[in-house]
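Engineer: Once you've had a glance at the structure underneath, I'll fire off some questions.
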Amino acid sequence: MCGWVWCFWLINESLYFLSFFKAPAGIISSIESIFKKFFWGGGEDNRKLAWINWESICSPKEEGGLGVRRVGAFNLSLLGKWCWRMLVEKESLWYRVLKTQYGEEGGRLCECGRQSSMWWKTICKVREGVGEGVGNWFEENICRVVGDGRDTYFWYDTWLGDVPLRLKYPRLFDLTMDKECKVADMGRMGWTVDGQVWEWRRRLFAWENECVRECCVLLNNFVLQANVTDKWRWLLDPVNGYSVKALYRYITSTGHISDRSLVDDVWHKLIPSKVSVLVWRLLRNRLPTKDNLVHRGVLLSTNAACVGGCVDSESATHLFLHCNVFGSLWSLLRHSS
Ligand SMILES: [Zn+2]
């Protein structure tokens with residue numbers, strides 16, 4: 001398990017790179033393959049048996065894994081921070097530089113097609129949630145908390161319901177004259193079905209009018225609050241805002257939570273981590289006991305007898321509980337404590 005030190009070193013060394021750039025798939029799989037080799041005690045040239053699949057090793061501890069970071073997902077979580085900062089640091093110099101370079105639409109920096117740098121294209125892709133097969137993870141986890149509505153885009157921001165109104169009513173968005181209007185301006189003009197607030201490029205069809213009516217029902221339940229500033233909320237951590245840890249967990253979680261007390265016992269802070277890993281493997285019956293080695297074709301079945309010299313075959317249960325030689329260690333331990 002000396003591979004541990006290696007794994008952490010590699011992650012830390014690449015942290016700076018991963019927080020700026022999206023690593024190509026080839027690089028990610030190379031890094032992971034180095035992890036795997038060293039994790040099982042092998043080296044560059046010799047491969048050891050992989051006792052547990054990499055997926056399980058990378059699952060969080062509370063889901064029964066070892067919590068080793070998945071490089072791709074971790075990379076994405078680090079890059080997501082840029083997308084969050086683009087929303088909350090609009091006064092910063094770096095944002096203003098990007099705004100001059102690429103322009104802004106509906107409060108979002110534009111992607112700007114072919115003229116943009118590779119770095120910028122990647123960040124835009126991350127903002128669209130591309131990469132880990134969990135849908136649009138960025139947009140789904142942000143929402144605008146509207147106070148007076150002066151700084152919230154009516155069509156672009158997610159402020160009423162779960163999706164921006166431009167996605168909920170794409171036809172209306174297409175037909176509206178002022179796509180960049182703010183919630184406060186719309187509210188001031190009064191959002192009734194025939195109100196002045198709606199300016200369309202042409203007369204609406206009956207079904208389009210129906211959409212306006214539906215939208216007005218939603219709007220009429222909404223109250224603006226004077227002198228309260230609009231804010232962004234990161235739904236995975238509404239109090240502290242964006243965190244790499246929360247997003248990483250969101251992307252990688254399988255939702256299969258293990259028995260909490262068992263997890264706490266195995267990963268107790270007073271137990272050295274190499275012992276915890278041993279217990280973790282024991283609970284999954286993934287230790288190199290002779291029965292497991294026979295099962296994997298490393299030993300012949302004729303050589304499966306217990307290492308303690310008894311006639312029984314060597315399995316984890318035998319070795320740790322029933323063996324005449326090693327099983328008695330438990331009673332010695334009980335007497336000495
Ligand atoms: Zn034995």
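The values are calculated or read from the model by the stated rules, or taken from the named source; none is laboratory data. Here the structure is a predicted model, which means the values were calculated and not measured. FYI the Cβ positions are ideal-geometry reconstructions off the backbone, even for glycines, and counts take in every protein chain you see.
Engineer: Limited to the stretch 111-159, what total is found for residues that are polar (S, T, N, Q) and free of Cβ contacts under 8 Å to residues at least 24 places away in the same chain?
Structural biologist: If we filter the stretch 111-159 for residues that are polar (S, T, N, Q), which is where we start, we get 115-117, 122, 136, 141, 152, 158.
Okay, now just the ones that are also free of Cβ contacts under 8 Å to residues at least 24 places away in the same chain, so 115-117, 136, 158.
Residues meeting the conditions: 5.
Rundown of residues vs (1) of a type in the set (Asp, Glu); (2) under 19 Å from residue 149 (Cα atoms); (3) surrounded by fewer than 19 Cβ atoms within 10 Å (Cβ to Cβ), yes/no style:
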site	(1), (2), (3)
173	no, yes, yes
178	yes, yes, yes
186	no, yes, no
189	no, yes, yes
193	no, no, yes
196	no, yes, yes
201	no, no, yes
208	yes, no, yes
217	no, yes, yes
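Engineer: Every residue in the stretch 319-329 that is within 10 Å of the ligand (Cβ to nearest atom) and either more than 20 Å from residue 285 (Cα to Cα) or assigned to a loop (DSSP other than H, G, I, E, B) (or both), please.
Structural biologist: 323, 324, 325, 326, 327
Engineer: Going through the stretch 160-200 one residue at a time, which ones are closer than 18 Å to residue 223 by Cβ and in contact (Cβ under 8 Å) with a residue 60 or more places away in the chain?
Structural biologist: The first filter runs over the stretch 160-200 and keeps only residues closer than 18 Å to residue 223 by Cβ, leaving 160-161, 165, 182-192, 195, 197.
Result: 160, single match.
Engineer: Pairs under 6 Å by beta carbon, first residue at negative phi and assigned to a helix (DSSP H, G or I) in the stretch 59-73, partner among the polar types (S, T, N, Q) and surrounded by 19 or more Cβ atoms within 10 Å (Cβ to Cβ), six or more apart or different chains?
Structural biologist: 73/252
Engineer: Looking only at the stretch 83-126, filter to residues that are part of a loop (DSSP other than H, G, I, E, B) and in contact with a helix residue (DSSP H, G or I) (Cβ under 7 Å, 6 or more places away or on another chain); which one of those is surrounded by the fewest Cβ atoms within 10 Å (Cβ to Cβ)? Steps first, please.
Structural biologist: Going residue by residue through the stretch 83-126, those that are part of a loop (DSSP other than H, G, I, E, B) are 89-92, 103, 106-107, 110-112, 116-117.
Filter once more, so that each one left must be in contact with a helix residue (DSSP H, G or I) (Cβ under 7 Å, 6 or more places away or on another chain): 89, 110-112, 116.
On the way: 89: 12, 110: 16, 111: 16, 112: 15, 116: 18.
This residue is 89.
Engineer: State whether one or more residues within the stretch 244-259 are touching a strand residue (DSSP E or B) at 6+ places or on another chain (Cβ under 9 Å), assigned to a loop (DSSP other than H, G, I, E, B) and without any contact (Cβ under 8 Å) to a residue 12 or more places away in the chain.
Structural biologist: The answer is no; no qualifying residue exists.
Engineer: Now for a different question. Looking at the stretch 292-318, which of its residues are within 12 Å of the ligand (Cβ to nearest atom) and under 27 Å from residue 63 (Cα atoms)?
Structural biologist: Looking only at the stretch 292-318, we keep the residues that are within 12 Å of the ligand (Cβ to nearest atom), and these are 304-318.
Selection gives 315, 316, 317.
Engineer: Quick check: anything in the stretch 133-149 at pLDDT below 85 and more than 20 Å from residue 166 (Cα to Cα)?
Structural biologist: Checked the stretch 133-149: at least one residue is at pLDDT below 85 and more than 20 Å from residue 166 (Cα to Cα).
Engineer: In the stretch 132-167, how many are over 18 Å from residue 235 (Cα atoms) and of a type in the set (Gly, Ala, Ser)?
Structural biologist: So in the stretch 132-167, the residues over 18 Å from residue 235 (Cα atoms) come out as 132-133, 148-151, 153-155, 165-167.
Pick out the ones that are also of a type in the set (Gly, Ala, Ser) and you get 133, 149.
Counting residues in the stretch 132-167 that are over 18 Å from residue 235 (Cα atoms) and of a type in the set (Gly, Ala, Ser) gives 2.
Engineer: Also, quick follow-up: Out of all the residues in the stretch 44-59, is one or more within 22 Å of residue 293 (Cβ to Cβ), touching a helix residue (DSSP H, G or I) at 6+ places or on another chain (Cβ under 7 Å) and modelled with pLDDT under 80?
Structural biologist: The answer is yes; a qualifying residue exists.
Engineer: Restricted to the stretch 240-261, and to residues that are at pLDDT below 90 and β-branched (Val, Ile, Thr), which residue is farthest from residue 157 (Cα to Cα)?
Structural biologist: Within the stretch 240-261, the match that is farthest from residue 157 (Cα to Cα) is 257.
Engineer: Could you count how many residues in the stretch 264-291 are of a type outside the set (A, V, I, L, M, F, W, C), more than 16 Å from the ligand (Cβ to nearest atom) and assigned to a helix (DSSP H, G or I)?
Structural biologist: Step one: of the stretch 264-291, the residues of a type outside the set (A, V, I, L, M, F, W, C) are 264-265, 268-269, 272-274, 276, 281, 284-286, 288-291.
In the following step, the residues that additionally are more than 16 Å from the ligand (Cβ to nearest atom) were identified as 264-265, 268-269, 272-274, 276, 281, 284-286.
Checking the rest, the ones that are also assigned to a helix (DSSP H, G or I) come to 264-265, 273-274, 276, 281.
Matching residues across the stretch 264-291 total 6.
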